[in-house]
Every structure is written in C-alpha cells, then in structure tokens.
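See below for the structure under consideration.
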Amino acid sequence: MVGDEALDEATTGDHEMVTADMLRMLAMEYRALFIHFDDVDHAGHASGFAIDNPEYIEAIERVDAAIGEMMDVILNRATVADEEWLLVVTTDHGGRGTGHGPRDEENRRIPFIVSGPLVVAGTLGGASHSDATPTLLAHLGYDLDPSFGFDGRPRGLPGEFNCADSIDNDGDGELDCADPDCYPTAVCGGGGPEADCQNARDDDHDMLTDCADPDCAETPECNVECDEQDLGESVGRSVFRGELADQRGVLASSCGGAEGPEVALRWRAPADDVYLFDTFDSDFDTVLTLREGGCVGPEIACNDHAFGSVRVDTPLPAQSAVRLSLAAGRELTLVLDSGPLGGGEAVLDITPMGSTCPDDDLGDAVGAEVARGNNEGRPTRYLGSCAGTARDAVYLWTAPSAGEFTFDTFGSDFDTVLFVMEGACGERTIICNDDERDLQSLVTVQADEGAVFTVVVSGFRGRNGNYRLNITGP
C-alpha cells in the first residue's frame, strides 16, 4: 500500500475522468504513474465474465482504447527518445457467471505485459500480480533488499540487478554472484578474496564457498568446534528428537539462527532419491540448514519458515522444510537451529519419496468416498503450491475415459488442501485448491483415457483429521 502522503497527485472518478487526468499527467515530469480501470470488473460482476457477453467485451474495448490514447501521449513527448519508459499492464482476475469462480487455472491466470526500450523480448511464464511492484522498483533503480519480503520478482528487465535475492533476474542461467553482472558489486566481494565466510556465496568466484575456501581457513567462523551426532542412514518420523535449551549457539546460516542454540546431525543418503527434511513436529520456531560434509561445510540449503510467514493460529506456525534430490552415499550435516521466537524440543523427520509414494493405487475408481483415512500419522512428501501443507495421503489414479473429472474432499472433518499432479508420483502440479466449501477442497482436471495422475490430500499448515476423497466423471 502507498499512503496518500506519498503521492504528488491522485484522481478518482468514472472512466472518462480518470483517462483524461492520466493523459494530462503523462505529459508532465512524474517518475511513476498508476492507473486502475475498474469498468471491466464491474461489467463482469454485473452481467457475466464471458467472451460472448457484449457488455463485458465493450468494457474491455473501452480500456484498450484508453491505453492506446496514453501510448500516443507517451510516444509524442518531445523528450521520449532520451527516456526509458517501462509499462506494466496486468488485470484483476477471471470469473465464472457473475462471480470469481473456483480457484482454478481458468480463473486465476491473467495477462502480465512488460514493455519498454530496455525490456528483454520473450515470454514471462508464471508471472503474477506480485511481480509488478518489484519490476517497477528495479526499473527505477532501487536495490531490492531481500528483507523487503516481496512475494514476486522483477520481470523482463536486463541484467542481474539484484545480486542477493536468490533469483536469476535476467534469466541467463547465472544466479546472483555466479553472474558476471555481479562480479564488481560489494555484495559479491568485488572479485577480491572470500569477503564473508558465512554468507553461503562464492564471493571471489573460485568455486569454493565460505569455510571450504582457504581464504576463510583462519577465521573464527571456520574454526568452530561442534559436536555432531551421527544419524547414519536413518529415515522416517522423528529420526532425531531433543531439547535445544542446553545446546550451544555457535553456528549461523544464510536464512537465520545466528544467535540461538542448535544441534548438528551427520547423515548419509541411503539411496538415490528425493528427500524431504522437516521439523514439523518441533514445538518452536526452527531454522533448518543442510551443509556439505561437516558443520562448517558449504551451505546447500536453508529454510526458516516452510510456508513463508508465521501463522500462530495453525499447528505449524514457524517450522522448516527442505526438499532435495540426493545420490546414495552423499554425506550432509543437518543443523537444527532456533529462530528468534526461541527454542524448545527439536524434532527432525526425513522422508524418502521413492519408498513412500504412493500410499495406494485407486485404479480408475470414481464415485463417493473412493478413499478415506486420517492423515495424522502419515509422512510429508509434497508441499502444496496453493497453501502450506504437511502430512499427506498420496494416491495414484487412472482416468477410465476421456473427459472432465472432479476431485473433492467434501465430508472431511478438517481444513483440507487437495492437489493433482501429472504422472505417477509426479512433480508438476496441474491444479491445487485450499478452500472451496466449508474449508474443504475441489479441483477439476481434463484427462485423456488411461492418463495417470497423482492425487494428494493434505491439511492446511499441518491440520490433521479424517478425510474423504470423492471423484466424479463425465
């Protein structure tokens, strides 16, 4: 939100009034302008979100014409040849009937257009509303500090303009300090020695990170003595359980845990697999870090809050999770650390996907209650894309015919999350839903006969209970 005190000028009114005032402002020397046309949304809610609705199409055409007028004003500015305009155009949402419709791809997918003389031509796959603000701020030259907590990222702009956001800003396959754009920056060491021995970055670009770099050999950060407990090749629920209160606080990670006590656990991957490491059974704000080799080895992954923000009204308010593909025999040190909300009993779960997925094969079953159970005692294999999830029931299902199939959890007694993925124990989510009706979930999938899907029933941020899975077809 931008407060009124931050604005030089603002106008509200009908379509014609807003358009006229924006045309006037575009001829002035403002650095940033925002315009919101609300007629299309009003037309959809009043008469229907449909391409065969003339009132809806007319509202879209009015907005399109107004954008054309604004472009004419910009292109006719006397100084436009020396200016670097950036235009970001996006919409609100789709709809079904006169409402917002279900939370599916058809209603949630929106156009997101970035245009200007500096924009890199291409397709912005997966862009969303949340990308607009960081895109505009980056274009205006602001340093997008990760502490700002933006949900989105800049889109369409050239260069790795933020060297510490864990995002490949320019899409060239080189991330942050691994991108030559960042070599001269202070955050990447300016090409000098390993400037920071605990930032999980190769500051001097010699392929050695932090304490693995000889530059850091004599530093206090890399001369830490830590007592590692050996977990061997343990997997499952509660492979480690213990209090952190009497532990030392000597390690720090890129995502937190600098001051709190921690425990270091040596672990070896028993097989080639995808593993999910989580602290979901812990009773405090955790930080989970995976390091190569010993406790001061290079950081591989770090997570503070598995679901992005703290929610004290849920079973999992501030626990951590990391999902990683590992080769058999790879040795890691798993550091369970405490965040700023304090320490308590730390619990670590390690779940291998290959030996635990699926829970059952439903064949081509359709109808009411094709599956039922309680998710409380189950492991966590997937973290849902539409909402934070934990203990999950994972099923394979095969489409008995071509057509549209609906999956729902109606009749369950807790807040469910439901999602469907391609293939057997697949990775690509087709559709995900949290709350369709009374905290239960519903998704619809178009399927070819014989197509195999993975169906996952889970609970919102760790909620557990008795679930029902219903499937209806054409």
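The values are calculated or read from the model by the stated rules, or taken from the named source; none is laboratory data. This is a predicted model, so every value here is computed, not measured. Methodologically, a virtual Cβ is constructed for each residue, glycine included, from the backbone with ideal geometry; neighbour enumeration extends over all protein chains shown.
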task = Could you identify the single residue in V456, V445 that is in a strand (DSSP E or B) and within 22 Å of the chain's Cα centre (by Cα)?
result = V456
message = Please count how many residues of the range 366-415 are part of a strand (DSSP E or B) and over 18 Å from I430 (Cα atoms).
response = 10
task = Of the conditions (1) at pLDDT 75 or above; (2) in contact with a strand residue (DSSP E or B) (Cβ under 7 Å, 6 or more places away or on another chain), H139 clears all except one; give me its number.
result = (2)
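Condition check ((1) modelled with pLDDT of 95 or more; (2) surrounded by 17 or more Cβ atoms within 10 Å (Cβ to Cβ); (3) more than 17 Å from F307 (Cβ to Cβ)) across all residues:
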| position | (1), (2), (3) |
| --- | --- |
| V366 | yes, yes, yes |
| G388 | no, yes, no |
| D392 | yes, yes, no |
| G411 | yes, no, yes |
| E436 | no, yes, yes |
| Q440 | yes, yes, yes |
